[in-house]
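Only one structure is covered here, and it is reproduced in the block below.
Coordinate-derived values only; no laboratory data. All figures in this text were calculated on a predicted structure; none of them were measured in a lab. Cβ placement follows ideal geometry from the backbone for every residue including glycine, while neighbour counts extend to all protein chains displayed.
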Amino acid sequence: MLKIRCTILIGLLVTALSLQTGSADESRFVDHSLLVAPEYPATWPAAPFPRFQITHQRTIGPDSAYNVDVVLIDGNTGTQLDVPPHSVARPDLDRPKSGPLGLAYTDKIEAWQFGGEACVVDVRDLLDQAPKGTSPLVTREHVERFEEKHRELRFGDVVLFRSDYSDRYYQPFPRGSRYIADILDRKSPGYPDPDPDCMEFLATRKVMTLGTDSASMGPLPTLAEPTHYAGLKHGMIWTEGATKLGELPPTGAFYTMLGPKHKDGPYSEGRAFSIIGGDLPKRLIESSKAKRAIDLSPTLEQGLPLTSPGIGTGNHRQVYLKIDFLYSEYLDMHHHTHMMDSMAGTHLVPPAYSLPPTDAAVPYAPEVRGWLQEYEREFGKRGVSSMTTDKVPIEWTCGEARVIDVRSLIGSTKRTEWPASPEITPQHIKAYEKENGDLRAGDVVIFRTDHVEKHLKPAPQDTALWLDPLSGNAEGWPTPGPATIVYLKSKGIRCVATDAPDLGGVDPKLALMTYWALGSNEMVGVEFLTNVGAVPKDSYFLFAAVKIRDCHGGPGRAIVLY
């Protein structure tokens, strides 16, 4: 144990020295996402759009070793992604606005289109320059002004309209009513947005991805749908409700918008961010433009085993539900919200998932108290943390992808020991390093098991993913033990990912120790990936969870660019 602790200290010292001596042009991340919380104007305020809700279903204590949350979240919440079916009708409807892009839902958009080179069109001169209830219009002349000053727009660019609207008006209620509600009630000027002709002009430049720091890409009161259709009919996608666009240079930054992969979703809640400085933005921009991208997130669909059924009756997590609330006759489609466990599908594991916020004694169940004593004898004092999803820096969940194939462990446990998961040990990591080179600070370690890829199926084939391993009717998926987490920390690793359902496995004791080790070492997890076998060498991993305040999980989307 002393040797492990010394290794950690040496690794941390090396990391600290590298940060102190780093060059001024190192890459840094900028979060462009609004905070989602009940007291913010995160959702569209008009009826019948549902308000965002988070329920802390279980908290760390005698009946749970974890903080467990359920969220009710509409795709039009906070910083959000629009895709063509928002306005383009399905081809089978044979209507004037029908076309193949009416099927380009959030689960069908290819990963390369989510990012590109940020081109910031400054329209701050339009802010509040319109009558109450009306949006000042961004026209093609504003775009041409950008081109005259910088360069002509082209395929691979992400055009971002910067008015600083969200920076100024996205505030807690009652001031937050100024963000959307006061415009609808004609009490305040509308947010700046492009008119349809501006969208048509951008289409001639082959621009496929846009963003705005307004609440919507649709000017009020009458041009919202015409502007949407003018862009979406060309296959464009865009961010609505971005923020902090003023931190970007006019060109040169890499920008991306990642959101949960809802089946047949015409829009999605999401997380937008940029990378500026250093060599990384250019590399990622070139990859996106060349369409060298791989999606690592499975589709979220009602009926799939996306959340844990737990061990024993009554211990299941909230299943993923799609809830229709408003029917669009023209699109023959319901607007919908989702209720789900915050760890449904691809998701983040923040330190506060398994750690209490203070050193105050936790009234764990007697069995768990025994596990804690054993853990602290071996690995030192269990930590504390208030780091929920909204507080995890995005750069912690992005980095060079280091895929460690642990499929050789499958079948290594004895049936008489089930429920059990094969344990990934430090020796497995060292064997990988001997063949592939040492892990480096900032790398994202991804364990390849192929478990989700093989077993994510609807009923009656749905038991193989979670239920059979948890009940001891099948072997569990390979998982890292706490010693492995400690070793990875010594190498400067912040993020550990897996294409298994979770990093804990099916043994409750080993699972809790693994999560304690993650949280206590200020590390995070990304769980429930798929398609990891397709990741080539020299790939860069990008993941971001929806920025939900006080959330102990966080749905998101993972991709790699190569």
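Miscellaneous remarks
- Residues Ser471 and Val319, FRET efficiency given R0 of 22 Å [Cβ-Cβ distance, rounded to 0.05]: 0.80
- On full extension, the segment bounded by Glu329 and Lys97 gains 82.2 nm, given 0.36 nm per residue less the C-alpha separation.
- Antiparallel content of DSSP bridges confined to the stretch 75-289, in %, to 5: 50
- Among 202-208, 544-550, 518-524, 425-431, the peptide with the highest mean count of other Cβ atoms within 10 Å heads the list, and the full ranking is 544-550, 518-524, 202-208, 425-431.
- When peptides 334-344, 261-271 are sorted by average Cβ neighbour count within 10 Å, with the highest value leading, the order is 261-271, 334-344.
- Rounded to the nearest 20 debye, the dipole magnitude of the chain is 820 debye, with +1 charges on Lys and Arg beta carbons, -1 on Asp and Glu beta carbons, and the Cα centre as origin.
- Computed about its Cα centre, the charge dipole of the stretch 265-322 is approximately 160 debye, with only Lys, Arg, Asp and Glu carrying charge at their Cβ.
- Among beta bridges that DSSP assigns inside the chain, antiparallel share in %, nearest 5: 65
- For the pair Lys509 and Ala365, the difference between a 0.36 nm per residue extended length and the Cα-Cα distance amounts to 50.6 nm.
- Dipole magnitude for the stretch 432-533: about 260 debye, using +1 per Lys or Arg Cβ and -1 per Asp or Glu Cβ, origin at the Cα centre.
- For the stretch 230-300 versus the stretch 509-562, the inter-centroid distance based on Cα atoms is 18 Å.
- Inter-centroid distance (Cα atoms) of the stretch 168-217 relative to the stretch 324-355, Å: 23
- Cα gyration tensor, the stretch 75-289 - rounded (a/c under 1.5), prolate or oblate: rounded
- Remark: spin-label model distance Asp405-Glu247 equals 3.9 nm, labels positioned 7 Å along the Cα→Cβ axis.
- Leading residue at positive end of dipole, the chain (Cβ point charges), from Ala181, Gly345, Ser385: Ser385
- Above-threshold pairs, the threshold being 24 Å between Cα atoms, out of Lys108/Lys291; Lys414/Lys491; Lys381/Lys489; Lys108/Lys289; Lys322/Lys509; Lys289/Lys430: Lys414/Lys491; Lys322/Lys509; Lys289/Lys430
- Additional length obtainable on full extension of the chain from Thr134 to Gln461, 0.36 nm per residue less Cα span: 112.4 nm
- Structure-based [θ]222 nm, the chain - -39500 (n - 2.57) summed over DSSP H runs of at least 4, per residue, nearest 500: -6500 deg cm²/dmol
- Here the label points at Glu433 and Leu184, each 7 Å from Cα along the C-beta direction, are separated by 5.5 nm in the simple model.
- Rough spin-label spacing in nm, given labels placed 7 Å along Cα→Cβ, for Asp167 and Lys282: 2.7
- Mean Cβ neighbour count within 10 Å, used as a protection proxy, ranking 214-222, 243-251 highest first: 214-222, 243-251
- With a Förster radius of 51 Å applied to the C-beta separation of Lys381 and Lys291, the computed FRET efficiency comes to 0.60.
- Panel order for Ser287, Ser274, by other beta carbons found within 10 Å of each beta carbon, from fewest to most: Ser287, Ser274.
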